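*Asks:* What follows is a structure written as C-alpha cells; I'll ask about it next.
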Amino acid sequence: MNDPILELRDVKTHFAVNEGFLVKRQTGSVRAVDGVTLSVRQGEVLGLVGESGCGKSTLARTILQLVPTTGGSVVLGGRNLGEASRRELLESRRDLQMIFQDPYASLNPRMSVHATLAEPLLVHGICGPSEVQGRVDELMRTVGLAPRFARKYPHEFSGGQRQRIAIARALALRPKVIVADEPVSALDVSIQAQILNLLAKLCREMNLALIFIAHDLSVVRHISDRVAVMYLGKIVELGPALDVIDRPRHPYTRALVSAIPVPDPDIERSRQRIVLAGDPPSPIHPPSGCAFHPRCPYAVERCRLEVPALVAQADAREAACIRLGEIV
C-alpha cells in the first residue's frame, strides 16, 4: 500500500461556551471533535458515519481548516495544515477540496456556472484566460453535463445537476483529496445513485482519495473501501466497509446496522432491531469513561471509569470498547 496522503493525528476541535452580556466569560466548551486519528491513502474511499451531532461535519471543516484545530494535527502530503502560513494553506487548497451537502447554498446564485468553474482556475493560475473555456467545457463533460449549460445560473438546474456542478468545481484544481459532506442526503433516491456512481467512477479514474460523510450505512457500503464510525466526537470503530457493516463489533455500530431497512418484508418483520435508550449525551458535558456507556446495553461499572482506546485487531479492524472480547 502507498503512504497516506492525509493523516489526522489526535485532532480536537472545541468551541468555547461564553456567558454574560457586557463581560463575556468562558464557562465551558463544546467538544465537537475530541481526539480523532485517521489516515487516507491515494485512491481510497473512506466512509465516515454517525448520527446527527456526532461531529462529522465539524471534522470535515477542520480537515480543510475552515475551522481551526484546538489540538492535534492535520497533515496533508507531509505538511501540517494547522501550522501552515496563509500562503502555504492557499497552496494546499489545490490538493484538498470539499463538496458540501446543499449544492444550492454552496453555489453563488449571482455567478453563472462558467464563472463558478473558471474562478478557481484563474485564482490558482491553473490556466490563462484563453484556456479557461476549454477547461470549463472539459469539467462539464467529466460530470455528465453538456458544456452549453455553463452559461446558465444555479437556479436553472435541478438538485442533482447542481451537485454535479459542485463536484466539477471541486475537481477544477485536480485535487488529491476530496471531502464530501453528505453530498446525496438532499437528493431524491434515484439521483443519489447517479451521484454515487459518478463519485466512484471519478475516484477510480483520477486516483482520488475521498472522505465520504453520511449517516446512511447502506449508501456508505456502496461506495467505501473503509468505514469509520463516529460517536460524540470520537471514532469508535474502523475497518473494511463490508466487514464493519456485515459483522459490526462495537455496540453502537451494531445499533446503526440494525436500523438499515431490509427489502425483504419477511426478513424485515422477523429480524431484531437494537433500540438505544435515551438521547446522545451533550458534547459540553460528556459522560465519564466511555461516552457510549449511558446508552450501551453491555455497559458495566468499568465502562463508566475507563476511556476505551481504539485498539487494532488482527483483521485490519479497530474498535474502542472495553468489553470487546466478551460481547463478540
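*Asks:* How much of the DSSP bridge set in the chain is antiparallel, in percent, rounded to the nearest 5? Kindly include the intermediate steps, with their values, before the conclusion.
*Replies:* Details: 30 of 48 bridges.
If we restrict to bridges inside the chain, about 60 percent are antiparallel.
*Asks:* Sticking with this structure for a sec: Work from the charge dipole of segment 109-172 (Cβ charges, +1 for Lys and Arg, -1 for Asp and Glu, about the Cα centre) and give the residue of H155, I126, G144 farthest towards its positive end.
*Replies:* Looking along the dipole axis, the top candidate is H155.
*Asks:* Let me ask something else about it. When ranked by the protection proxy of mean other Cβ atoms within 10 Å per residue, highest first, what sequence do the peptides 69-75, 119-125, 173-179 form?
*Replies:* Top of the packing list down: 173-179, 69-75, 119-125.
*Asks:* Given 0.36 nm per residue, what is the gain on full extension from I267 to H222 after removing their alpha carbon distance, in nm?
*Replies:* Here the answer is 14.1 nm.
*Asks:* Can I ask one more? Grab the DSSP H runs of the chain that are 4 residues or longer, score each as -39,500 (n - 2.57), total them, divide by all residues and round the 222 nm result to the nearest 500 deg cm²/dmol.
*Replies:* -9500 deg cm²/dmol
*Asks:* Next question. Name the long-range amide H neighbours of G35: under 5 Å, sequence gap of 5 or more, or other chain; modelled H, no Pro or chain starts.
*Replies:* Amide H neighbours of G35: V11, K12, T13.
*Asks:* OK, next. About the Cα centre, and with charges only on the beta carbon of Lys, Arg (+1) and Asp, Glu (-1), how big is the dipole of segment 109-172? Nearest 20 debye, please.
*Replies:* 220 debye
*Asks:* Apply the Karplus parameterisation 6.51 cos²θ - 1.76 cosθ + 1.60, with θ equal to phi minus 60°, to every residue of segment 121-128 and state each ³J(HN,Hα) to the nearest whole Hz, in sequence, with x for glycine and proline.
*Replies:* 4, 7, 4, 8, x, 5, 8, x
*Asks:* By its C-alpha gyration tensor, with a ≥ b ≥ c as the square roots of the eigenvalues, how is segment 1-138 shaped: rounded for a/c under 1.5, else prolate for a/b larger than b/c, else oblate?
*Replies:* Prolate, since a/c reaches 1.5 and a/b exceeds b/c.
*Asks:* Here's something else I'd like to know. Taking the Cα centre of the chain as the origin, how large is its charge dipole in debye, to the nearest 20, when only Lys and Arg (+1) and Asp and Glu (-1) carry charge on their Cβ atoms?
*Replies:* The dipole of the chain has a size of about 560 debye.
*Asks:* In whole Hz and in residue order, list the ³J(HN,Hα) couplings for segment 52-69 that follow from phi through the Karplus curve 6.51 cos²θ - 1.76 cosθ + 1.60, θ = phi - 60°; x for Gly and Pro.
*Replies:* Per-residue couplings from phi come out as 4, x, 7, x, 4, 5, 5, 4, 4, 6, 5, 4, 7, 6, 6, 10, x, 6 Hz.
*Asks:* Another question, then. Could you give the alpha-carbon Rg of segment 109-172 over 2.2 N^0.38 Å, rounded to two decimals?
*Replies:* Here the Cα radius of gyration is 1.00 times the empirical estimate.
*Asks:* DSSP beta bridges in segment 178-328, what fraction antiparallel, as a percent rounded to 5?
*Replies:* 70 percent
*Asks:* Under 27 Å between C-alpha atoms is the cut-off here; go through the chain and count lysine pairs that meet it, provided they're at least eight residues apart or on different chains.
*Replies:* Value for the chain: 10.
*Asks:* From the Cα trace of segment 68-136, what convex hull volume per residue do you get, rounded to a whole Å³?
*Replies:* In segment 68-136, the Cα hull volume divided by residue count equals 128 Å³.
*Asks:* Kindly give Rg over Rh for the chain, based on alpha-carbon atoms, with the Kirkwood expression for the hydrodynamic radius.
*Replies:* 0.99
*Asks:* For the chain, build the charge dipole from Cβ charges (+1 Lys, Arg; -1 Asp, Glu) around the Cα centre, then report which of G47, H222, A180 sits farthest towards its positive end.
*Replies:* So the residue we want is A180.
*Asks:* Still on this structure, please answer the following. Calculate the dipole size of segment 1-103 relative to its Cα centre from +1 charges on Lys and Arg beta carbons and -1 charges on Asp and Glu beta carbons; express the result in debye to the nearest 20. It would help to have the intermediate numbers written out before the result.
*Replies:* Working: 13 positive and 12 negative charges, 68 e Å.
Roughly 320 debye, rounded to the nearest 20.
Taken together, the values in this text are just the output of simple stated rules run on the coordinates, not laboratory data. All values reported here derive from a predicted model rather than from experimental measurement. With ideal geometry, Cβ positions are generated from the backbone for all residues, glycine too; neighbour counts draw on all protein chains shown.
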